[in-house]
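Asker: This structure is in structure tokens; I'll ask about it shortly.
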Amino acid sequence: MSKQIFTTNSQQGLIRSGSFRTRAGVVTTPTFMPDGTRGAVKSLTPEQVASTGVEVVLANTYHLHLQPGEQVIKKLGGLHEFTRQKLPLLTDSGGFQVFSLAHINKISEDGVTFKDPRNGDTIFLSPEKSIQIQMELGADMMVAFDDVVALDGDKRHRTLEAFERTHRWLERSLAEFQRLTKNMSATERPLLFGVVQGGLDKDLRKRSLENVQSLPVDGIAIGGLSVGESREEMHDMLNYLAPLYTKDRPRFLLGVGDPIDLRYGIEHGIDMLDCVIPTRNGRHGVAWATGDKKVHLTNAKYINDPEVIDPECDCTTCLGGYSKGFLCHQFKVKEPLAGALVSIHNIRYLQRICEEYRK
RNA sequence: GCAGGGUUAGUGAAGCGGUCAAACACUCGAGACUGUAAAUCUCGCGGCUUAUGCCUUCGUAGGUUCGAAUCCUACACCCUGCA
């Protein structure tokens, strides 16, 4: 049933480079995708985002549904028109909020009831609802609504339950997706990613992957990692899954983006990754420099430093000549420009890593 | 000149006889952050440091007391009334 979506350009062992088509343009892989949760990559204009060379930007169903609501965005022309972002847009399903807001949600087979942490409003998300919202938003790529389990505490016992529920929810997500796209042409139809769960249980992970790959979804998303487990545990799982992927569809590792993990993922067959860390760290004054060295720009030692963050970097911040001294000062006086400049640098740092694997 | 009020660690500001190296906030120093409840959070912030440890601090100098940042005296400076 599933057709060939992904075109491989080169393959070296488990590492592959290629491309696939979305209705908003072609995506080259491996690729890093910054998170624009509320419709903006925090503090950056679409032009600044584009300057980093990234090809896809994320947005979030949960957040945009809460505010301003998908109907508002639809009225204002859809996500692209609304956010002025021309790059292909991928919306996350809200599944991650099942995990991150676990203390204020209630999961049932039908879906998840959240308490809005801002004002206490009750909001309900289900597989169907999530797909409907993503469709209304106008996403080019969407993710099925899944059930994510934390891996660092006493919740691991939920792994089996979440694994099973994620599959039932995927079938519902897919059915809703097919219902809403049945009249669309191939060129206007968005893409749907199914999510693999299973925690740190290899047998569950394998069955989950086989299940997702057996369905006519357009892409395979690996979820439920980087949620509290150790780096070794995460890498072990990525290594285990690597030979099990089919070649016909893009593989998206959800939420992973530390340079070390990014490389590990790509070297184990991953095509796409998203992560908040380059922008969050950027706003918090932490930049990466060649060798994955962390530069804490707020450190007192940088206040007189005339050098750019990384002389080998080709981002607009480094090419623009912004010194560590300038950035240090702007962070200390809480000027938002500093966070924006370092976010650009960090996103570019990750995208450059991806580009190295495309050769 | 007379009468009040005040002077606490980098800053502001609690404390008003023992449990005070001294609340709290900020500044400052360091760190964390992986499908963003995150321009957030954590730790440290007199000195020595392994410390439930020692030493030096609460305008200055004396005094009372077993014990003082806290009470008394003098002095210095600041603020407010009356002249």
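The values are calculated or read from the model by the stated rules, or taken from the named source; none is laboratory data. Just so it is clear, the model here is predicted, and its values are computed rather than measured. When we count neighbours, we look across all protein chains shown, and the Cβ atoms used for this are built from the backbone with ideal geometry, even at glycine. The accessibility values were calculated without ligands, DNA or RNA, using every heavy atom of the protein model including side chains. Shrake-Rupley method; radii C 1.70, N 1.55, O 1.52, S 1.80 Å.
Asker: Has the range A:157-164 got any residue that is over 25 Å from A:Arg21 (Cα atoms) and buried (at least 22 other Cβ atoms within 10 Å of the Cβ)?
Answerer: yes
Asker: If you don't mind, another one. Tell me which helices (runs of 4 or more DSSP H) are completely within the range A:199-267 and hold 2 or more residues being within 23 Å of A:Ser10 (Cα to Cα), or say none if there are none. Walk me through it before giving the result.
Answerer: On the way: elements: A:202-214, A:231-241, A:259-266.
Correct list: A:231-241, A:259-266.
Asker: Here's a follow-up. Report, by residue number, each residue of the range A:325-349 that is within 12 Å of RNA strand B (Cβ to nearest atom) and not aliphatic (A, V, I, L, M).
Answerer: As a first pass, look at the range A:325-349 and keep what is within 12 Å of RNA strand B (Cβ to nearest atom): A:328-340, A:342-343, A:346-347.
Once the filter is applied, which keeps residues that are within 12 Å of RNA strand B (Cβ to nearest atom) and not aliphatic (A, V, I, L, M), the range A:325-349 yields A:Cys328, A:His329, A:Gln330, A:Phe331, A:Lys332, A:Lys334, A:Glu335, A:Pro336, A:Gly339, A:Ser343, A:Asn346.
Asker: With farther than 27 Å from A:Gly224 by Cβ and within 16 Å of RNA strand B (Cβ to nearest atom) as the only criterion, which of A:Gln85, A:Gln97, A:Gln71, A:Gln12 stands out?
Answerer: On the way: A:Gln97 fails: farther than 27 Å from A:Gly224 by Cβ; A:Gln71 fails: within 16 Å of RNA strand B (Cβ to nearest atom); A:Gln12 fails: within 16 Å of RNA strand B (Cβ to nearest atom).
Exactly one residue qualifies, and that residue is A:Gln85.
Asker: Between A:Gly291, A:Gly320, which is more than 23 Å from the chain's Cα centre (by Cα), more than 9 Å from RNA strand B (Cβ to nearest atom), at pLDDT 95 or above and over 16 Å from A:Leu44 (Cβ atoms)?
Answerer: Values: A:Gly320 fails: over 16 Å from A:Leu44 (Cβ atoms).
The match here is A:Gly291.
Asker: Taking the condition open to solvent by 10 Å² or more (accessible area, probe 1.4 Å), at negative phi and in contact with a Leu (Cβ under 6 Å, 6 or more places away or on another chain), does A:Glu229 pass?
Answerer: yes
Asker: Determine which member of the set A:Phe114, A:Phe145 is within 11 Å of RNA strand B (Cβ to nearest atom) and modelled with pLDDT under 95.
Answerer: Details: A:Phe145 fails: modelled with pLDDT under 95.
From the options A:Phe114, A:Phe145, the qualifying one is A:Phe114.
Asker: Here's a follow-up. Could you tell me whether A:Asn9 is touching a Lys or Arg at 6+ places or on another chain (Cβ under 8 Å), of a type in the set (S, T, N, Q) and free of Cβ contacts under 8 Å to residues at least 60 places away in the same chain? First the steps, then the outcome.
Answerer: Numbers: touching a Lys or Arg at 6+ places or on another chain (Cβ under 8 Å): yes; of a type in the set (S, T, N, Q): yes; free of Cβ contacts under 8 Å to residues at least 60 places away in the same chain: no.
No: the conditions fail for A:Asn9.
Asker: Any idea which of A:Leu125, A:Leu174 is within 28 Å of A:Leu244 (Cα to Cα), of a type outside the set (Ser, Thr, Tyr) and within 15 Å of RNA strand B (Cβ to nearest atom)?
Answerer: Numbers: A:Leu125 fails: within 28 Å of A:Leu244 (Cα to Cα).
That would be A:Leu174, the only listed residue that is within 28 Å of A:Leu244 (Cα to Cα), of a type outside the set (Ser, Thr, Tyr) and within 15 Å of RNA strand B (Cβ to nearest atom).
Asker: Go through the range A:121-166 and give me each residue that's of a type in the set (Ser, Thr, Tyr) and closer than 11 Å to A:Ser93 by Cα. So that I can check it myself, show each step before the final result.
Answerer: From the range A:121-166, those of a type in the set (Ser, Thr, Tyr) are A:122, A:126, A:130, A:159, A:166; that's our starting set.
Correct list: A:Ser126, A:Ser130.
Asker: On the given criteria, is A:Glu307 buried (at least 18 other Cβ atoms within 10 Å of the Cβ), in a loop (DSSP other than H, G, I, E, B), more than 8 Å from RNA strand B (Cβ to nearest atom) and among the acidic types (Asp, Glu)?
Answerer: On the way: buried (at least 18 other Cβ atoms within 10 Å of the Cβ): no; in a loop (DSSP other than H, G, I, E, B): yes; more than 8 Å from RNA strand B (Cβ to nearest atom): yes; among the acidic types (Asp, Glu): yes.
Here the answer is no, as A:Glu307 does not meet what is asked.
Asker: Out of A:Gly285, A:Gly339, I need the residue that is open to solvent by less than 10 Å² (accessible area, probe 1.4 Å) and closer than 15 Å to A:Leu44 by Cβ. Which one? Reasoning before the result, please.
Answerer: Values: A:Gly285 fails: closer than 15 Å to A:Leu44 by Cβ.
A:Gly339 is the lone residue from the list that is open to solvent by less than 10 Å² (accessible area, probe 1.4 Å) and closer than 15 Å to A:Leu44 by Cβ.
Asker: Let me ask you something else. Would you call A:Ser10 of a type in the set (Gly, Ala, Ser), open to solvent by 20 Å² or more (accessible area, probe 1.4 Å), more than 18 Å from A:Lys86 (Cβ to Cβ) and in contact with a strand residue (DSSP E or B) (Cβ under 7 Å, 6 or more places away or on another chain)? Even if it seems obvious, please write down each step before you answer.
Answerer: Details: of a type in the set (Gly, Ala, Ser): yes; open to solvent by 20 Å² or more (accessible area, probe 1.4 Å): yes; more than 18 Å from A:Lys86 (Cβ to Cβ): yes; in contact with a strand residue (DSSP E or B) (Cβ under 7 Å, 6 or more places away or on another chain): yes.
Answer is yes for this residue.
Asker: To continue, here is another question. Every residue in the range A:243-259 that is open to solvent by less than 10 Å² (accessible area, probe 1.4 Å) and among the hydrophobic types (A, V, I, L, M, F, W, C), please.
Answerer: Matches in the range A:243-259: A:Phe252, A:Leu253, A:Val256.
Asker: In the set A:Ser214, A:Ser208, A:Ser173, A:Ser185, which member is under 16 Å from A:Phe252 (Cα atoms), at pLDDT 95 or above and among the small types (Gly, Ala, Ser)?
Answerer: So the residue among A:Ser214, A:Ser208, A:Ser173, A:Ser185 that is under 16 Å from A:Phe252 (Cα atoms), at pLDDT 95 or above and among the small types (Gly, Ala, Ser) is A:Ser208.
Asker: Within the range A:260-271, track down each residue that is within 11 Å of RNA strand B (Cβ to nearest atom) and buried (at least 24 other Cβ atoms within 10 Å of the Cβ).
Answerer: Once the filter is applied, which keeps residues that are within 11 Å of RNA strand B (Cβ to nearest atom) and buried (at least 24 other Cβ atoms within 10 Å of the Cβ), the range A:260-271 yields A:Leu262, A:Gly265.
Asker: Among the residues that make up the range A:244-263, is at least one of them more than 18 Å from the chain's Cα centre (by Cα), at pLDDT below 95 and hydroxyl-bearing (Ser, Thr, Tyr)?
Answerer: The first filter runs over the range A:244-263 and keeps only residues more than 18 Å from the chain's Cα centre (by Cα), leaving A:244-248.
Narrowing further to those that are at pLDDT below 95: none.
No, because not a single residue in the range A:244-263 is more than 18 Å from the chain's Cα centre (by Cα), at pLDDT below 95 and hydroxyl-bearing (Ser, Thr, Tyr).
Asker: Oh, and also: Consider A:Arg189 against the criteria (1) within 14 Å of RNA strand B (Cβ to nearest atom); (2) assigned to a loop (DSSP other than H, G, I, E, B): it satisfies all of them except one. Which criterion is unmet?
Answerer: The failed condition is (1).
Asker: Return yes or no: is A:Tyr240 away from RNA strand B (no atom under 11 Å from the Cβ) and open to solvent by 50 Å² or more (accessible area, probe 1.4 Å)?
Answerer: On the way: away from RNA strand B (no atom under 11 Å from the Cβ): yes; open to solvent by 50 Å² or more (accessible area, probe 1.4 Å): yes.
When the stated conditions are applied, A:Tyr240 passes them.
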